[in-house]
Amino acid sequence: MKLDERIELYGKMSVALECIESCKEFASLIPEVRANLVYARTDPKTPEDVLAVEGRITVINGMPHAAGKLKFGASSHMARLIIELNKNDPSIRAGINFACNPGLIKWLEKYCEKKGWVFSVIDRSKEPEEVKQVEGASMPWKVKETIRAAGGRVPKIFYEAGAVGKEDLTVLVGKDPIEVAMDTCELAKEYAKSLSHPPKVGKIDLETFTNYLLQRLGKKDETVLVPPLTGVDAAVIDIGNNKVLIVAEDPIFSIPKQPLEMFGWYTVHIGASDVAVMGVKPRYMTYSLLMPPETRDEEFRTIVDSIHQTAVELDIAIVGGHTGYYPGFASPTIGGIAVFAIADRDSYITPAGAKPGDNVILTKGPAIETVGILSVLREPELLEKYPRSLVEKAKALCKEMTVVKDALTAMEVGGVTAMHDATEGGVIGGLFEIANASNVGMEIDEASFIYPEEVKMVCEAFNIDPVAAIAEGSLLITAKPTHSQQIIKRLEEVGIKASIIGKVTSDTKTRTMKRIDGRKIPLEIPRQDPFWPVFFEGVEKG
């Protein structure tokens, strides 16, 4: 390579990287696999012809930061992508990758339209098996696919989605890295403005819960043995005579397109699950049913009959609550279901009981609630791409949105040290909450998860990371190694599949999940559960 070309390549990359590192808004768009900025020499043939950031671009103190120096051959995926694009359009020599989520993609489509840029998509779920089997064949297929989807033009921005276990990514390309960096920073700033007042959906964030709510719990009382804590599903109160009262509460909203019988069923099961994971059988409950004034009498009776029948099936007595019609509600809503149990003082467990050396067990697999609800709400879209038999299996997961049987069965075997229902934030959030509450480390392997075909289908269809999506029905158990296989065997005997997915360790600094593609990511509560944007998009579509 001539000296003049090396000077041009390094010079433009240095200027572009300085631009990226000074753009704080881009930090929020850096994906889990980190970003990379690449610039190819004229007529590139191999990744050694492409200049990139060694170690990629990460985030330090809230700002984008190059982890290493500029080096030829420092990138594989982005380098090969630029090489392939360059074959179709020799003016394209630079690019950068960044995060992808449904909200961002929706915004990008409008942004590209306003800028006059071509926008496209690579749907990895459509990649032919014969292509996947041939080494090096995927990249040419992906580029051909995104150009085809863009009407035969090389897009300015495109995103890659649809591969289970691999992070969805967006790519922006241009003639040189300065153009790419300036376009990326402008985009990041505009996107940040659009989120200046983002609507809050789901649970409050961990910082607000810890620093605000937990500081406002009324009068302190020494009989409260287990107060509200992150990741702990129920409170425990000493009521004397070596007995404790265990109580949990949840709101429940009705799901569009689901029969009201199901609304009553999961009202009871979701509330009961939070007590069952404490290792005791739910015994009493109260609930508040709040309905729009226009609710028909037959609808009211259907809900109440279903709640009653489900409570009977779970041996739970309904001891109070409130029922009424109020303006301001779009559909019947459970303002709160409180479930109670009385147990011996030494008979309960909490999510804070995990010990180093324990096995970590997951029942049913991830994203059970996400898949069940979305397959009902967005059934027509799924039927356009998948067989009805598979969609019906996905819809049937609505009846798996409970961990009552899972938890009580595991407790019968013994050896259980902690349990937690993987609700908002999914399995990865639930694992973090157990590790955090127990002050332990965890090493988790996604390849050990049970992955029902219907879970893969729905998550691929809506570009959802299954480990991060709401998963009522997916129970996390930590158990002594001496009892783990027996717990799994007993669960299978009652019709519940389960698997050991990792180990509890003593190193609190190591809380990781090895993804199916080999990446290691930290256990953490997702900033936004990926279920909600897809759910509300379905509601808007009617």
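The values are calculated or read from the model by the stated rules, or taken from the named source; none is laboratory data. Nothing here was measured: the structure is a model prediction, and the numbers come from that model. As a convention, Cβ positions derive from the backbone with ideal geometry for all residues, glycine included, and neighbour counts pool all protein chains shown.
Out of the strands (runs of 3 or more DSSP E) lying entirely within region 218-314, which hold 1 or more residues that are hydroxyl-bearing (Ser, Thr, Tyr)? First the steps, then the outcome.
On the way: elements: 224-226, 235-240, 243-253, 284-291.
Once the strands (runs of 3 or more DSSP E) in region 218-314 are filtered for at least 1 residues that are hydroxyl-bearing (Ser, Thr, Tyr), what remains is 284-291.
Screening Ala188 with (1) assigned by TED's automatic domain parsing to the domain that holds Ala317; (2) of a type in the set (A, V, I, L, M, F, W, C); (3) buried (at least 19 other Cβ atoms within 10 Å of the Cβ); (4) more than 30 Å from Thr323 (Cα to Cα) gives one miss only, at (1). Counting just the residues of region 166-182 that are within 23 Å of Pro44 (Cα to Cα) and among the acidic types (Asp, Glu), which one comes out surrounded by the fewest Cβ atoms within 10 Å (Cβ to Cβ)? Going through the qualifying residues, I end up with Glu179. Taken over region 374-407, the residue count meeting the criterion of being polar (S, T, N, Q) and either part of a loop (DSSP other than H, G, I, E, B) or surrounded by fewer than 21 Cβ atoms within 10 Å (Cβ to Cβ) (or both) is 2. For region 319-348, residues that are surrounded by 15 or more Cβ atoms within 10 Å (Cβ to Cβ), within 24 Å of Pro293 (Cβ to Cβ) and β-branched (Val, Ile, Thr) total 3. Once region 510-542 is narrowed to residues that are farther than 20 Å from Ile500 by Cβ, more than 16 Å from the chain's Cα centre (by Cα) and not in a loop (DSSP other than H, G, I, E, B), the residue that is modelled with the lowest pLDDT is Lys541.
Select from region 315-360 the residues that are part of a loop (DSSP other than H, G, I, E, B), closer than 27 Å to Met411 by Cβ and among the polar types (S, T, N, Q) and list them in ascending order.
Taking region 315-360 and keeping what is part of a loop (DSSP other than H, G, I, E, B), we get 315-316, 326-332, 345-358.
Checking which are closer than 27 Å to Met411 by Cβ leaves us with 315-316, 345-358.
Matches in region 315-360: Ser347, Thr350.
Is it the case that region 88-105 has a residue that's free of Cβ contacts under 8 Å to residues at least 40 places away in the same chain, crowded, with 20+ Cβ neighbours inside 10 Å, in the same structural domain as Cys19 (by TED's automatic domain parsing) and not charged (D, E, K, R)? First the steps, then the outcome.
Within region 88-105, the subset free of Cβ contacts under 8 Å to residues at least 40 places away in the same chain is none.
No, region 88-105 has no match at all.
Taken over region 510-519, the criterion of being surrounded by 13 or more Cβ atoms within 10 Å (Cβ to Cβ) and free of Cβ contacts under 8 Å to residues at least 40 places away in the same chain is satisfied by no residue.
Pick from region 479-509 the residues that are of a type in the set (A, V, I, L, M) and in a strand (DSSP E or B): which of them is surrounded by the fewest Cβ atoms within 10 Å (Cβ to Cβ)?
Of all residues in region 479-509, those of a type in the set (A, V, I, L, M) come to 479, 487-488, 491, 494, 496, 498, 500-501, 504.
With the extra rule that they be in a strand (DSSP E or B), the set shrinks to 479, 498, 500-501, 504.
On the way: Ala479: 27, Ala498: 23, Ile500: 18, Ile501: 25, Val504: 23.
Checked region 479-509; the qualifying residue surrounded by the fewest Cβ atoms within 10 Å (Cβ to Cβ) is Ile500.
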